[in-house]
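Asks: Below you will find the structure I want to go over with you.
Throughout, read-outs are computed from the coordinates displayed, never taken from laboratory work. Treat the numbers as computed from the prediction; the structure is a model and nothing was measured. Using ideal geometry, Cβ is built from the backbone for each residue, glycine included, and neighbour counts are taken over all protein chains shown.
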Amino acid sequence: VGSVRTVIFNWLFARQNDGQFILRIEDTDRTRYEPETILTLLEGLRWMGLDWDEGPDVEGLKRSGVENADAYAVGGPRGPYIQSERLPLYRKVAAELLERGWAYRCNCTPERLEQVRAEQRARKETPMYDRHCRNLPPDAVSPDDPNAVVRLKVPLEGETSFHDVIKGDIVYENRMIDDQVLLKSDGYPTYHLAVVVDDHLMEVTHIARADEWLPSTPKHILLYEAMGWELPIYCHVPLVMGQDGKKLSKRHGATAIEQFRQQGYLPEALFNYLALLGWAPGEGDEQEIFTREELIERFDLFRVNKAAAAFSYKKLDWMNGVYIRNLPEEALLARLLPFWQAAGFVPDPCPADVRERLRPVVPLVQERLKRLDEIVAWTAFLFRDVAPPSAEKLVGKKMSPAESLEALRRVRKLLAEIEPFEPEAMEQPMRDLAAELGIKAGPLFGIVRWAVTGQKVAPPLFGSLAIVGREDVLARLDAAEETLAAHPDL
């Protein structure tokens, strides 16, 4: 979710400045590459409403194993947009860096490198390459050597400095910058070479990324300087943390976009919440609900907080509830249907008559829902037989089993006769019955709720009774009466 927040910041900045938002697939780490993650990325961005102006074309996506590539293909003048299809470009730049003396070949084995790092850790030093191959003759390491890599030749003296729009002026001593691998032994670039080459060739002017990439930035700047390219503007966004101050992870809850989607968060609510995570519209401005157009107009990349932002699921639930309440009823019904269908309550596609039956449910739940997935537990009693709850649950608060049984029988008689069987016709007679029985309405309603829904928490009682229908309501009350009559204290 931290990555998506960063994407939102980039997207808002691009839209605000009439820029181009570019989608690039960075797949050069072949040890971690999983083709299915590309489709997950594309689906997540599309669901969030984050459209891109340039990105992979149909053929590129098909080669990457993306089904339904037509739905996501955009193309553009600076392609290809999949890094594994840009290898000649990276190798060409690596060759130029070698010629200019800004890089060198290294054939240190993985075993030697690990030994060097272990010795450095033992001395409590920062692990980095010991520059063993740095001063070898240019032809000492063959490009065909199975261990041959190309490393950045970082100056041993001086400093590398840059300005970050969030962090301010930052300076690194060159002697503390690692001679980073640029081109791996498999011919693929590392992130560091690929991202610099691509950002330059794709004419990227502003880079907003997580501040965990801050230590890599001096390496990137040295590459820009080595090639004589113009530097982009850097903006390193603080991490997203949990409420406990630790980096947000699975133990805090949902972190992947698909998880938020499955839990019933609206994309517009999640977008709004993430846009405000680490950024606020201004001093004294208490507005928290923004349309996308308002965010485009008011977002300021240069006012993102320096401190890490704490992710609050409670705040997100609140905001999601606001968005749910603001939806037209028909739109909310359309969004609830997939959750009912996933639970097996409703056919897919949903027949018109079933949709009509569900329509009255929407106003009952709209004011109470915080997440769409809550609808399954709240309305299960509408779709399946309800087993009578235990006799103990049918005993009203501060009521005896005998009093509860009498109340249940009186309610059953009332609901059998009431006309019409609609919420407006039920509520006052039920309240009058409670007064007649000498009890409060709450405990009486609680007994009926347990009997008819099998749940302690459900949508508003009288609307629920009307949707269940008189016949089923009476049958459930009869079953509950039978259960309560067997209470040991009767």
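Asks: Under a point-charge model restricted to the Cβ atoms of Lys and Arg (+1) and Asp and Glu (-1), what is the dipole moment magnitude of the chain relative to its Cα centre, in debye to the nearest 20? Please report the intermediate quantities before stating the final value.
Replies: Working: 61 positive and 77 negative charges, 269 e Å.
Once rounded to the nearest 20, the dipole reads 1300 debye.
Asks: Mean residue ellipticity at 222 nm from the helices of the chain, using -39,500 (n - 2.57) per DSSP H segment of n ≥ 4 over the full residue count, to the nearest 500 deg cm²/dmol?
Replies: On the way: 20 runs with 218 residues, N = 490.
Value at 222 nm, helices only: -13500 deg cm²/dmol.
Asks: Further question on the same structure: Along the charge dipole of the stretch 198-277, pointing to its positive end and built from +1/-1 on Cβ of Lys, Arg, Asp and Glu, which listed residue (Asn272, Ala208, Ala256) has its Cα farthest out?
Replies: It is Ala256, whose Cα lies furthest towards the positive end.
Asks: Further question: With labels modelled as points extended 7 Å from the Cα through the Cβ direction, what inter-label distance (nm, one decimal) is found for Glu417 paired with Glu157?
Replies: 10.5
Asks: With the crude spin-label approximation of a point 7 Å out along Cα→Cβ, what separation in nm comes out for Thr40 versus Arg410?
Replies: Label at Thr40, label at Arg410, 5.8 nm between them.
Asks: Counting alpha carbon pairs within less than 8 Å and at least 6 residues apart, what relative contact order, in whole percent, applies to the chain? Can you show the working numbers first?
Replies: Numbers: 647 pairs, mean separation 56.8, N = 490.
Relative contact order for the chain comes out at 12 percent.
Asks: Run the numbers for Tyr33 and Arg134: contour at 0.36 nm per residue of separation, minus the present Cα-Cα distance, in nm. Spell out each step's value before the answer.
Replies: Working: separation 101, 0.36 × 101 = 36.36 nm, distance 3.04 nm.
That works out to 33.3 nm of additional length.
Asks: Then there is this: Pairing rule first: another cysteine's C-beta must sit under 4.7 Å. Under that rule, which cysteines of the chain stay single?
Replies: Cys108, Cys235, Cys350
Asks: So what's the projected area for the stretch 330-433, the Cα convex hull averaged over all directions, in nm²?
Replies: Working: hull surface 34.5 nm².
If you wrap the Cα atoms of the stretch 330-433 in a convex hull and average its projections, you get 8.6 nm².
Asks: Right, next: Can you figure out the FRET efficiency of Ser142 with Asp70, using R₀ = 45 Å and their beta-carbon distance, to the nearest 0.05? Could you put the intermediate results ahead of the total?
Replies: On the way: r = 45 Å, r/R0 = 1.00.
After rounding to 0.05, the efficiency reads 0.50.
Asks: Can you work out the FRET efficiency for the pair Arg121 and Gln16, with r the C-beta to C-beta distance and R0 = 30 Å, to the nearest 0.05?
Replies: On the way: r = 45 Å, r/R0 = 1.52.
It comes to 0.10.
Asks: A follow-up question, please. Can you give the FRET efficiency for Ala485 and Glu427, using 1/(1 + (r/R0)^6), R0 = 22 Å, r = Cβ-Cβ distance, to the nearest 0.05? Intermediate values should be presented prior to the final figure.
Replies: Working: r = 27 Å, r/R0 = 1.23.
It comes to 0.20.
Asks: Between Trp47 and Gln341, 0.36 nm times their residue separation minus their Cα-Cα distance comes to what? Each step should come with its number before you reach the end.
Replies: Working: separation 294, 0.36 × 294 = 105.84 nm, distance 1.92 nm.
Net length gain for the segment: 103.9 nm.
Asks: Can you work out the PRE-style zone for Ser185? Point 7 Å along Cα to Cβ, and I want the residues of the stretch 1-34 with backbone N under 20 Å.
Replies: So the set is 28-33.
Asks: Let me ask something else about it. At Met176 and Arg355, where each label point lies 7 Å from the Cα along Cα→Cβ, what is the point-to-point distance in nanometres?
Replies: 6.3
Asks: Roughly how big is the stretch 416-490's charge dipole about its Cα centre, with Cβ charges of +1 (Lys, Arg) and -1 (Asp, Glu), in debye to the nearest 20?
Replies: Magnitude of the dipole: close to 400 debye.
Asks: Also, I was wondering about something else. Considering the values (1) 1.10; (2) 0.96; (3) 1.36, which represents Cα Rg over 2.2 N^0.38 Å as calculated for the structure under consideration?
Replies: Answer by label: (3).
Asks: State the percent of C-alpha pairs, over all pairs in the stretch 1-92, separated by a distance greater than 19 angstrom. Please list the in-between numbers first.
Replies: Working: 1743 of 4186 pairs.
More than 19 Å apart: 42 percent of the Cα pairs in the stretch 1-92.
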